[in-house]
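Working notes for the structure below.
The values are calculated or read from the model by the stated rules, or taken from the named source; none is laboratory data. A quick note: this is a predicted structure, and the numbers were derived from the prediction, not measured. No Cβ is skipped: glycine too gets one built from the backbone with ideal geometry, and neighbour counts run over all protein chains shown. To get the accessible areas, we keep the full protein, side chains included, count just its heavy atoms, and leave off ligands, DNA and RNA. Shrake-Rupley method; radii C 1.70, N 1.55, O 1.52, S 1.80 Å.
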Amino acid sequence: MLKEIRPAIVLVVSLTLITGVVYPLAMTAIARAVFPKQSQGSLIEREGRVVGSALIGQEFKGDGYFHGRPSATVAPDPGDSTKTVSAPYNAANSGGSNLGPTNRALVERVQGELEKLERENSSAEIPVDLVTSSASGLDPHISPAAAFFQVPRVAKARHMPEDRVRRLVDEHIEDRTLGLFGEPRVNVLALNLALDREAGR
């Protein structure tokens, strides 16, 4: 009996060590050597302090900052564990809202966003990514059109000339990956940090 069980035990222990310890450690070491910044979370620092990640969006509320896409992520309600509350850019609960185009809650949210954005800048067409959330709910980027749409509000709140703010947006437009994949985009955190630096001069 032991003769038959022993190979099975050896195999389980060996595979556990190989796939659960050796392989993850090897991949982590290779990633740190080849992609040191990305393997550490693509963290962005300001004055020696981590302020966010280039890969995960965060909420900016003030008129003097560019805003990202709406985020559909949620977190447990502290008052009632059977319910959830909105928690924008909650990386522990990545995912879209899964609300269909005829869902009343989605329609009301989008209409509310549209009304607010029309008051903010009635002379421009509202980019779709300012009223729709991404599939992950964590998207750190907006389209160049969404960034340019916000320029008048940001410039007014910062008491800066619009062309100066527009130039900052131009400087932060990232091209398609390898020139082929995705669309041109603007990282909201990087743009807002550059805006703070520019306003501080």
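Results, tabulated for the structure shown:
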item: Selected residue (criterion: least open to solvent (accessible area, probe 1.4 Å)) from residues of the range 1-53 that are of a type in the set (Gly, Ala, Ser), within 23 Å of Leu138 (Cβ to Cβ) and free of Cβ contacts under 8 Å to residues at least 40 places away in the same chain; result: Ser42
item: Residue among Ser39, Ser94 that alone is under 26 Å from the mean Cα position of the chain (by Cα), small (Gly, Ala, Ser) and within 16 Å of Ser134 (Cβ to Cβ); result: Ser94
item: Failed condition for Ser133, given (1) at pLDDT below 95; (2) surrounded by fewer than 19 Cβ atoms within 10 Å (Cβ to Cβ); result: (2)
item: Residue within the range 154-163 that is surrounded by 21 or more Cβ atoms within 10 Å (Cβ to Cβ) and either closer than 20 Å to Arg119 by Cα or modelled with pLDDT under 90 (or both) present; result: yes
item: Among (1) within 30 Å of Glu108 (Cα to Cα); (2) out of contact with any strand residue (DSSP E or B) (no Cβ under 9 Å at 6 or more places or on another chain) - the single one Gln40 does not satisfy; result: (1)
item: Scan of the range 36-55 for residues that are at pLDDT 85 or above and within 18 Å of Pro144 (Cα to Cα), ordered by number; result: Leu55
item: Filter pass, Thr82 being out of contact with any Ser or Thr (no Cβ under 9 Å at 6 or more places or on another chain), β-branched (Val, Ile, Thr), loosely packed, with under 10 Cβ neighbours inside 10 Å and over 24 Å from Arg158 (Cβ atoms); result: yes
item: Helices (runs of 4 or more DSSP H) enclosed by the range 112-201 - at least 2 residues per element that are touching a His at 6+ places or on another chain (Cβ under 8 Å) and under 22 Å from Ala91 (Cβ atoms); result: 188-200
item: Pairs where the first residue, in the range 184-199, is at negative phi and among the β-branched types (Val, Ile, Thr) and the second is open to solvent by less than 20 Å² (accessible area, probe 1.4 Å) and assigned to a helix (DSSP H, G or I), C-beta under 9 Å, 6+ apart; result: Val186/Ala146; Val186/Ala147; Val186/Val169; Val188/Ala147
item: Any chance Ile56 is surrounded by 14 or more Cβ atoms within 10 Å (Cβ to Cβ), closer than 30 Å to Pro161 by Cα, in contact with a Ser or Thr (Cβ under 7 Å, 6 or more places away or on another chain) and among the β-branched types (Val, Ile, Thr); result: no
item: Lone unmet requirement of (1) in contact with a Lys or Arg (Cβ under 6 Å, 6 or more places away or on another chain); (2) crowded, with 22+ Cβ neighbours inside 10 Å for Gly182; result: (2)
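Each row is one residue, and each column tells you yes or no for (1) closer than 27 Å to Ala54 by Cα; (2) touching a residue at least 40 places away in the same chain (Cβ under 8 Å); (3) not in a helix (DSSP H, G or I).
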residue	(1), (2), (3)
Gly64	yes, yes, yes
Gly68	yes, yes, yes
Ser71	yes, yes, yes
Ala75	yes, no, yes
Ser81	no, no, yes
Val85	yes, no, yes
Gly95	yes, yes, yes
Asn98	yes, no, yes
Ala105	no, no, no
